[in-house]
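A short write-up of the structure that comes next.
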Amino acid sequence: MRITLNGEAREVTEGQSVAALLADLGIQAERVAVELNLKIVDRRTFTGTSLRDGDRVEVIGFIGGGRSDDDER
Amino acid sequence: MSDDRLTIAGIDFRSRLWVGTGKYKDFIETQKAIEASGADVVTVAVRRVNITDRKSENLLDYISPKTYKILPNTAGCYTVEDALRYARLARAAGISDMVKLEVIGDEKTLFPDTAGLIEAAKILVKEGFIVFPYTNDDPIVAKRLVDIGCQVVMPLAAPIGSGLGIRNPYNLKILMEAVNVPVIVDAGVGTASDAALAMEYGADAVLMNTAIAGAKEPILMAEAMKYAVWAGRMAYKAGRIPRKLYATASSPIEGML
């Protein structure tokens, strides 16, 4: 099935959990926040939350930044 | 001065110089500059994680949340909705309840949209966030922010990244008198004397990024800023002499030939 991950289309296995997706991406779960269809996923439920076809997933973390001018817009 | 701590919302801060983590050459330079600055608070931005490069390094490998207080910001947010979304995501990442709230009003000046700021701050305070609002040097807005539950205000000295220094010292002084919470001068500092001046005026701390990261020698400038903030703070506590138009002799007349 196909999801949109951080704005890009991605094929994932049917019913894959958020935790499994992060593991696939090589991302340490404790350092990120995950938004699923504009709703924040409680990190305690990463394992129990299954993805569905068409889901929009955002994986968010912290980067260097101090001020709005650091933004690469 | 060692017991001269800054406390906000029950959290003790060791340093009165707070720094951003943007614009550095690499993570090593970021780490060294922050060490040299003596800051115990660093601001970070909230962005999409790099999912294409599995080997991409993480800022937090260099700036450990165990050593530093991480203050996520909502930089780049131009609407209340966006600022709320970024703040909530930052908290969901599980590092802290603190958020440096920026609702930017204009791309050219990056001045805050203070109406949007107050609206967003109100909601986030209700949700239990410790809100650090980036605001204008407007005493009335600062009072409104305190009224709705902000335990600190962060007025700008000059436009972000401009390095113009304190453009309106009188407004800043009035603002500091107008509120009974710590005031952190945020944005616009260009060099060490600007930071010292902000502290001499009575600011509780100074937050900067570009002045250090954009200097020719960021690590040296970070150290300069550390001493400037110390010197300014000590001078403020010591109390400066009044300005007078004419000379007052320091040496006694008595005993002269």
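The values are calculated or read from the model by the stated rules, or taken from the named source; none is laboratory data. Since the structure is predicted, the reported quantities are computational estimates derived from the model, not experimental observations. Cβ placement follows ideal geometry from the backbone for every residue including glycine, while neighbour counts extend to all protein chains displayed. With ligands, DNA and RNA removed, areas are computed over all heavy atoms of the protein, side chains included. Shrake-Rupley method; radii C 1.70, N 1.55, O 1.52, S 1.80 Å.
Among the trypsin sites (Lys or Arg not before Pro) found in the range B:168-257, those both in a DSSP coil and sparsely packed, with 11 or fewer other Cβ atoms within 10 Å of their Cβ, are B:216, B:240, B:243, B:244. Computed extension length for residue B:32-residue B:235: 70.3 nm, one decimal, from 0.36 nm per residue of separation with the Cα-Cα distance subtracted. Once B binds A, the 1.4 Å probe can no longer reach about 3200 Å² of accessible area, counting both sides. Under the simplified labelling scheme, the residue B:79-residue A:23 pair shows an inter-label distance of 3.7 nm, with each label point 7 Å from Cα along Cα→Cβ. In this simple spin-label approximation, residue A:37 and residue B:246 carry label points 7 Å from Cα along the Cα→Cβ vector, and these lie 8.2 nm apart. Legend: helices of chain B (whole DSSP H runs) are marked when their alpha-carbon atoms reach 20 angstrom or more along the helix axis and their mean Kyte-Doolittle hydropathy is at least 0.0; marked are B:218-238. Per-residue mean of foreign Cβ neighbours for B:4-10 is 0 (Cβ atoms of other chains, 10 Å radius).
Between residue B:193 and residue A:49, the C-beta separation translates, for a Förster distance of 41 Å, into a calculated FRET efficiency of about 0.20.
Using Cβ point charges alone (K and R +1, D and E -1), the dipole size of chain B about the Cα centre works out to roughly 120 debye. One chain, two ends: residue B:227 and residue B:96. Fully extended at 0.36 nm per residue, the span grows by 44.3 nm beyond their Cα-Cα distance. For the protein assembly as shown, carbon and sulfur atoms together expose 50% of the accessible surface, with a 1.4 angstrom probe and every protein chain in place. When peptides B:141-154, B:89-102, A:9-22, B:182-195 are sorted by average Cβ neighbour count within 10 Å, with the highest value leading, the order is B:182-195, B:89-102, B:141-154, A:9-22. Inter-chain Cβ neighbour count for B:36-45, averaged per residue, equals 3 (cutoff 10 Å, partner chain atoms only). For the range B:144-222, the dipole from Cβ point charges (+1 on Lys and Arg, -1 on Asp and Glu) about the Cα centre works out to 160 debye, to the nearest 20. Of all lysines in the structure, the ones whose alpha carbon falls short of 21 Å from that of residue B:173, not counting any fewer than 8 places away in one chain, are B:143, B:237, B:244. Each residue, residue B:147 and residue B:126, gets one label point 7 Å from its Cα in the Cβ direction; the gap between the two is 1.7 nm. Within 10 Å of the Cβ of each residue in B:21-27, the mean number of Cβ atoms contributed by other protein chains is 4. Zone of residue A:9 (label point 7 Å along Cα→Cβ, backbone N under 14 Å): which residues in the range A:25-55? Under 14 Å, as judged by backbone N against the label point of residue A:9, lie A:54-55 of the range A:25-55.
Positive end of the charge dipole of the range B:36-172 (Lys, Arg +1 and Asp, Glu -1 on Cβ, about the Cα centre): tell me which of B:139, B:46, B:159 has its Cα farthest that way. Most positive-ward Cα: B:46.
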